[in-house]
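The structure appears right after this line, and notes come after that.
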Amino acid sequence: MSLFRLFVDSSTGIDIDPEYDFKDGGKKIEDVHRTKAGVQYRYLWGEYTEIKFSLMYVSSADQCTINSYWGGNQDLLFMEVGNEASLKSVHITNKKKPIDGRIKPYADQYKGTVILETYL
């Protein structure tokens, strides 16, 4: 799997190595209406990207950083390291803390799932 960078600006951020469940999918915001005659009308209002992946063996510093990004609704940038064309503006949109579990028997290694959604 490729290495990715999650950051606020060029001087801050963390490198992350997602597990193989990495999904980079698109979502649509649309309304679908059908008339009495059976004619269907679709209205596309917008699109966005949802990126979902698991992380394992996250350090306590990176765990704190990711969870603080989530808690502060931080505007973030996400890109594959070495591929500037993949740069996306994202928010962490998990319903609960993204990095919320420890890996036994380690006291300082964490795991979790991160959900990112584009906003531009």
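Which net charge results when you count Lys and Arg as +1 and Asp and Glu as -1 among the other residues whose beta-carbon is under 11 Å from that of R102? So the surrounding residues net to 0.
With respect to the chain, whose longest principal axis is taken over its alpha-carbon atoms, helix 60-71 is tilted by about 30°.
Rounded to the nearest 500, what is the chain's calculated 222 nm mean residue ellipticity when only DSSP H runs of at least 4 contribute -39500 (n - 2.57) each, over all residues?
On the way: 1 runs with 12 residues, N = 120.
For the chain, the value works out to -3000 deg cm²/dmol.
Distance from the Cα centroid of the range 86-116 to that of the range 1-62 is 14 Å (rounded to whole angstrom).
Once a ≥ b ≥ c are taken as the square roots of the eigenvalues of the Cα gyration tensor of the range 62-105, is the result rounded (a/c under 1.5), prolate (a/b larger than b/c) or oblate (a/b not larger than b/c)?
Numbers: a/c = 2.87, a/b = 1.54, b/c = 1.86.
It comes out oblate by the Cα gyration axes.
Computed log10 I(q)/I(0) for the range 4-118 at 0.13 Å⁻¹: -0.56, from the Debye equation with unit scatterers placed on every C-alpha and solvent omitted.
Any read-out appearing in this document is the output of simple, stated calculations on the displayed coordinates, not a laboratory observation. Please read these numbers as outputs of a predicted model, since none were measured by experiment. Quick reminder, even Gly has a Cβ in these numbers, built from the backbone with ideal geometry, and neighbours come from all protein chains shown.
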